[in-house]
Amino acid sequence: MRKLAIGERARARLRWLAAIVVLALCVRYLARQVDPGALGRALAGVDYRLVLLMTAAHLSLFLGVKAWRWQVLLDPIQRVSFPRLYAYCLAGCAFTNLLPARAGLAVRAVLVRRDGVPIAGAVSALALEEISNATVLGLLCLPLLLLLHLPGRVRLVLALVTAGAIVALALLGWLALAGRTRASGVLRGLSDGLAVLASPREAGVVLGLTVAMWLVDLGQIALAMTAVAIPPSYAGVALVLLFVNLTNALPATPGQMGLFEAGATAACLIVGATPEQGVAVGVLYHMMQFIPETALGLAVLGRGALARLRSAAPQVELASPGGGGSMISSEHVPSPEVPAEASSAPRLPLADWLHHGPFLAHLVVTRRCNLTCGYCNEYDRTSAPVPFELLEQRLEKLWQLRTWMVCFSGGEPTMHPELARLVRRMTELGIRRRQIITNGFRLGKPLVEALNDAGLTDLQISIDGVSPNATTIKVLDNLRGRLELLARAARFKVVVSAVIGSAPPSEALEVVRFTRGLGLTARIVLLHDGSGRLSLGPDELAAFEEVKRLLGRGGRESGDYRQHLIEHGEAPFACRAGSRYLYVDEFGKVHWCSQTVGLFSKDLAEYGSDELARQFHTPKPCAAQCTVGCARSASAYDGWRRQGPAPGPQTPPEP
């Protein structure tokens, strides 16, 4: 760790050294070109009313279109509101303006993760944004080859930039299509951020917004040239835009300081302006962006975004191998927000959460189910739904514990009459990942739309096979239409778990292929018995191997522990259930998991840092043969840490 820290400090010093060197070279270039007195006179004669108009256009039109385009790019992954994305753009601009290496791009990717956008999808969307910018800029500047006698090197660079951007756009289009065939993994995550390329209509919208953004920028430069008495022409304005962006492609100095002015000056000299006029154009064009972006961006960060960045914690993948499991992709970094509605409630200290706080909680909203699957021991046919007011209290408690993801389970959660309202309450509280596990039978268009509007981020369905049998009717023949509806209408991530153990094993393969054909995420689960142990025959094991081969890395969850269980009969791990993972039943009691209700029980209302720490360190007697993936994957981050003995007095099981 110390070597890593030293290496990071060294890289930071190198970045700042490079920034200083580049800035010195820019200053040297400008000093050789410019007479300070003439520059002062040029700036004194500026019509600053035009500068104010430039600033207003930049904040309202340029950044507005930029945020709108980002929203279109992210829509296939997760709907994020326009005001929030506009604020994130300002925050990113502030970081780019104050730090070298265009740090704002990374900040935007980090900030949008709190709205449910995976990091791979956020990065690929930003890459598409940059390549779209380069492609349209190159096309807008191609007429310069006919309008101006450009130096040979400039003509070559312009041609290479345009051709390279078009090739890159084509490669991203291929990645968008190829990645959709993957059930999971980095390629699938990247393709999610490029999903608009698979739709000609959406790709056209992105292209149109990019053109609009550059046209606004051309207008801003025309105003800057007019303000310093340079007659604007399309050739001159486009050349300034091209040169400024070519110099900005070297992300060395904070806010591209010096590079901006050098690019504008070189362009203005080619169209016959004086060096002083060129520098003045560069300064005005730069400062009308730099000053308001930095001030407003810092204000956004000051309202809480910076705290979210600082609280970003290591990622964990949470995936259950059983019929009811939850998944948090490793692309999501926990960074709980403090919502206004609950700002007065005491919260678990951030340091405690990082040390032993919950990543995932399963919250039973009703024990009743509309099915009677022969293998399931987690339902009844008569229980009333847990009242909304009680569930709201439990959600607020989970928020106070900084729980990163809350999953509604049962029973069958869609039988709760106020399910969408409960999801909306999670959204209002600022719980990052909001999931439902369902058998899918009650999913219709009205409910899907209600869940979209409420802010659901994840939905998981387990499908036991293809055709109904004596054990289950939760099969593909009964659910094809609902999966097709989800593929068309859901704005949340849908994971379909193909189950091996309750139907002919080969049927799991058909479920996986059908799921992937719809563009949904597929995974494989192995049916466990009432004690959470595996019990599979040779045909089932063969099917498991085939599905794992089909899914690739997506079939190997939590260190491929299931393979260890199959081969060795056990896969020991330090289980952090009761801490990193909470199972909250319909009575508000916390258990290690649904299969160990009699071993540990404590009221959620009484849960705090001490109990979380105690359960974090408590060894679980069932851990070695456990198949409950929620507990395993929530514990994976802390696998390197010692477990036991638990600090403080032990909590005995409640009757």
(request) Summarise the accessible area of the stretch 406-547 (1.4 Å probe, protein heavy atoms) by the percent that is carbon and sulfur. (result) 49 percent
(request) Please work out how much accessible surface D47 shows to a 1.4 Å probe, ignoring ligands, DNA and RNA, in Å² rounded to 10. (result) 50 Å²
(request) Give the long-range amide H neighbours of S409: residues separated by 5 or more places, or on another chain, with amide H under 5 Å away, using H modelled in the peptide plane at 1.01 Å from N. (result) L363, V364, V365
(request) Could you please state how large a percent of the accessible area of the stretch 93-162 is carbon and sulfur, counting protein chains only and using a 1.4 Å probe? (result) 75 percent
(message) Keeping all protein chains in place and using 1.4 angstrom, which order do W404, W68 fall into by accessible surface area, from largest down?
(response) W68, W404
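Given a 1.4 angstrom probe, what's the average accessible area per residue across the stretch 442-554, in square angstrom?
Accessible surface, normalised per residue, equals 38 Å².
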(request) Kindly report, to the nearest 10 Å², the accessible surface of K445 as traced by a 1.4 Å probe over protein heavy atoms only. (result) 130 Å²
(request) Please work out how much length the chain gains when fully extended from S60 to D380, using 0.36 nm per residue of separation minus the C-alpha to C-alpha distance, in nm with one decimal. (result) 109.6 nm
(request) Whenever you get a sec, line up K589, K620 from highest to lowest accessible area (probe 1.4 Å, protein heavy atoms). (result) K589, K620
(message) Nearest 5 percent is fine: what portion of the DSSP beta bridges confined to the stretch 393-504 is antiparallel?
(response) 0 percent
(request) Order the following by accessible area, largest value first: T294, T247, T372. Probe radius 1.4 Å; ligands, DNA and RNA are ignored. (result) T372, T247, T294
(request) Give, in nm to one decimal, the length gained when the segment between L371 and A163 is fully stretched (0.36 nm per residue of separation minus the Cα-Cα distance). (result) 69.1 nm
(request) Any chance you could look up the accessible area of E378 with a 1.4 Å probe, heavy atoms only, rounded to 10 Å²? (result) 50 Å²
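Rank-order 261-269, 73-81 by packing density, defined as the average count of other C-beta atoms within 10 Å over each peptide's residues, highest first.
Final packing ranking: 261-269, 73-81.
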(request) For a label point 7 Å from the Cα of R84 along Cα→C-beta, name the residues of the stretch 446-490 whose backbone N is under 19 Å from it. (result) 449-459, 490
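The values are calculated or read from the model by the stated rules, or taken from the named source; none is laboratory data. Since this is a predicted model, take the numbers as computed values, not measurements. Neighbour counts run over all protein chains shown; Cβ positions are idealised from the backbone, glycine included. To get the accessible areas, we keep the full protein, side chains included, count just its heavy atoms, and leave off ligands, DNA and RNA. Shrake-Rupley method; radii C 1.70, N 1.55, O 1.52, S 1.80 Å.
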